[in-house]
Amino acid sequence: MKLFHYLRTPYHIPLLTLAAPMILSNISVPLLGLVDTAVIGHLSHAHYLAGIALGSGSIALLFWLASFLRMSTTGEIAQAYGEKNQARSYQSLLASMAIALLFAMSLIGLSPFLLEVIERLANPSSDVMEQASLYFSIRIYSAPAAMMNLVLLGFMLGLQYGKGPFYIVLFTNLVNIVLDLLFVIGFEWGVAGAAWASVIADYSALALAVWLTSSLLKKKGWIFLWLRPSRQHLIHLLTLNKDIFIRSLVLQLCFSFMTFYGARLGDNTLAANAVLLNFLMLVSFAMDGIAYAVEAKVGQAKGEKDTEKLKSWVAVSVLWGGVFAILYCFVFAVFGPAIIGMLTSIPSVVETALVYLPWLIVLPLIAMNCFLFDGVFVGLTRAREMRNSMIFSALFGFFLPVYLLLDHGNHALWLAMTCFMALRGITLIYRYRKLDVQNALLK
């Protein structure tokens with residue numbers, strides 16, 4: 001009867017209205033990765049593709065570590081929106097922007113050291129490392145724009161403005177794709193061209209994000225105030241960011257392990273994994289479209305102190321997450337080989353990628369809950385539970401299977417990734433249900 005109730009609930013249209021622009025814009029993010037991979041993948045040697053995989057994977061690790069900026073901002077702003085508390089909104093925005101700039105400048109200052117760490121961990125061939133270093137050294141200078149963009153995306157999402165992030169992400173990726181084709185193919189700048197395209201796109205997106213945020217505040221009739229966060233509020237925000245940062249760090253350690261250990265298995269395996277990880281990114285960003293919407297809706301419901309509304313948003317998001325997961329499983333099963341062929345024309349890389357494609361076919365359904373319930377806990381601003389779930393899942397779902405099955409090479413990596421995603425979803429659902437039983441969802 002509950003399922004029938006949620007099928008008829010009026011929550012579907014508001015959730016999908018908020019999620020739809022995010023799904024469309026998020027799909028364009030992995031499509032950008034597909035263009036990067038396809039452009040470089042059709043150059044003459046595998047080390048170009050392997051090099052950009054290592055360089056861009058390392059940048060992605062660092063930038064995604066900053067996902068705490070968007071998550072904490074979305075949760076805080078959504079709850080403030082539910083409370084109708086403009087002062088809290090401005091305090092959260094300004095504090096998050098300051099943290100974003102500090103984090104970005106730290107990354108730039110540490111970049112030479114980080115390159116040394118990447119080389120030691122991955123131990124790639126000299127040709128691959130040369131291309132990876134070239135990409136990394138250029139792309140790292142987009143950090144300030146990328147970090148501040150995350151904060152402004154979170155701010156707009158928290159205010160239920162799904163079109164703003166849609167415009168920003170879509171604009172960023174369109175600029176990046178056009179410049180990719182111009183710099184890499186037209187000017188023949190190779191890997192450096194792909195890096196410069198991303199840098200220019202990030203700063204262009206920041207300009208658009210500032211303009212959209214200003215327009216949004218004017219539309220709502222809000223007058224921007226330079227409010228210094230209270231000590232209590234700042235401590236709360238720093239604690240929230242700390243826990244989400246640790247959660248993001250552990251997540252990216254697992255993904256970077258895929259890249260670094262794949263490099264030890266040879267250039268073809270590294271390149272094949274780079275192609276296949278685009279499949280997983282496509283799934284994750286599409287699922288995150290639903291998750292972003294539930295972050296805002298759950299946060300607003302918590303701010304309004306409405307438990308039943310909160311639980312309804314969660315149930316409806318799981319329903320739609322299942323629909324999209326099944327769709328992706330079907331698409332990968334039917335069109336997976338064709339997609340691989342579009343991404344690279346190097347026969348050895350295509351052959352290797354096809355061996356591991358079955359893992360990607362089953363992953364969407366297995367990984368669905370971890371994406372969606374991340375969104376639930378962001379809206380609840382319960383970062384400690386997210387952190388604990390991620391650490392437990394990484395230890396027992398990822399690294400333990402890798403250790404036990406290391407002799408199976410790349411299959412061990414993909415099995416571990418599958419177990420990791422499954423365990424994240426299980427632990428988050430368990431914690432959510434426990435909070436519900438304890439009537440603690442609004443605390």
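Numbers below:
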| item | result |
| --- | --- |
| Some residue of the range 109-132 being part of a helix (DSSP H, G or I), within 18 Å of the chain's Cα centre (by Cα) and within 26 Å of SER204 (Cβ to Cβ) | no |
| When residues of the range 354-393 are limited to those that are over 22 Å from SER72 (Cα atoms), open to solvent by less than 40 Å² (accessible area, probe 1.4 Å) and out of contact with any Gly (no Cβ under 9 Å at 6 or more places or on another chain), the one modelled with the lowest pLDDT | TYR356 |
| All positions within the range 285-314 that are part of a helix (DSSP H, G or I) and farther than 21 Å from TYR161 by Cα | THR307, GLU308, LYS311 |
| Check on PHE155, over 29 Å from TYR261 (Cα atoms), of a type outside the set (A, V, I, L, M), part of a helix (DSSP H, G or I) and open to solvent by 10 Å² or more (accessible area, probe 1.4 Å) | no |
| Residue within the range 80-90 that is in a helix (DSSP H, G or I) and within 23 Å of ALA145 (Cβ to Cβ) present | yes |
| Flag for ALA87 being over 23 Å from PHE245 (Cα atoms) and surrounded by 22 or more Cβ atoms within 10 Å (Cβ to Cβ) | no |
| Residue selected from the range 164-216 under the condition over 21 Å from the mean Cα position of the chain (by Cα) and small (Gly, Ala, Ser), by the criterion nearest to ILE140 (Cα to Cα) | ALA192 |
| Selection from the range 415-439 of residues that are out of contact with any helix residue (DSSP H, G or I) (no Cβ under 6 Å at 6 or more places or on another chain) and open to solvent by less than 10 Å² (accessible area, probe 1.4 Å) | MET417, LEU435 |
| Some residue of the range 394-407 being at pLDDT 95 or above and within 27 Å of THR74 (Cα to Cα) | yes |
| Residue, most open to solvent (accessible area, probe 1.4 Å), within the range 401-414, restricted to residues that are over 13 Å from PHE257 (Cβ atoms) and in contact (Cβ under 8 Å) with a residue 12 or more places away in the chain | HIS411 |
| Residue selected from the range 190-225 under the condition farther than 21 Å from PRO144 by Cα and of a type in the set (Phe, Trp, Tyr), by the criterion least open to solvent (accessible area, probe 1.4 Å) | TRP222 |
| Count of the range 299-326 residues which are free of Cβ contacts under 8 Å to residues at least 12 places away in the same chain and more than 26 Å from ILE77 (Cβ to Cβ) | 1 |
| Pair list, Cβ < 6 Å and 6+ apart or interchain, from the range 140-168 residues that are touching a residue at least 60 places away in the same chain (Cβ under 8 Å) to residues that are small (Gly, Ala, Ser) and open to solvent by 10 Å² or more (accessible area, probe 1.4 Å) | ILE140/SER111 |
| From the options ILE177, ILE168, residue that is within 30 Å of PHE377 (Cα to Cα) and crowded, with 17+ Cβ neighbours inside 10 Å | ILE168 |
| Only listed residue being basic (Lys, Arg), under 21 Å from the mean Cα position of the chain (by Cα) and open to solvent by 20 Å² or more (accessible area, probe 1.4 Å), chosen from LYS297, LYS305 | LYS297 |
| Residue list for the range 266-283, restricted to those being on the phi < 0 side of the Ramachandran plot and either open to solvent by 10 Å² or more (accessible area, probe 1.4 Å) or in contact with a Pro (Cβ under 6 Å, 6 or more places away or on another chain) (or both) | ASP267, ASN268, THR269, ALA274, LEU277, ASN278, MET281, LEU282, VAL283 |
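Yes/no per residue for (1) crowded, with 17+ Cβ neighbours inside 10 Å; (2) closer than 29 Å to THR17 by Cβ:
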position: GLN91; (1), (2): yes, yes
position: PRO112; (1), (2): no, no
position: ALA122; (1), (2): yes, no
position: SER133; (1), (2): yes, no
position: SER142; (1), (2): yes, no
position: GLN160; (1), (2): yes, yes
position: GLY164; (1), (2): yes, yes
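The values are calculated or read from the model by the stated rules, or taken from the named source; none is laboratory data. Remember, predicted model here, so these are calculated numbers, not experimental data. Every residue, glycine as well, gets a Cβ built from its backbone with ideal geometry; the counts of neighbours run over all protein chains shown. Ligands, DNA and RNA are excluded from the accessible area calculation, which covers all protein heavy atoms including side chains. Shrake-Rupley method; radii C 1.70, N 1.55, O 1.52, S 1.80 Å.
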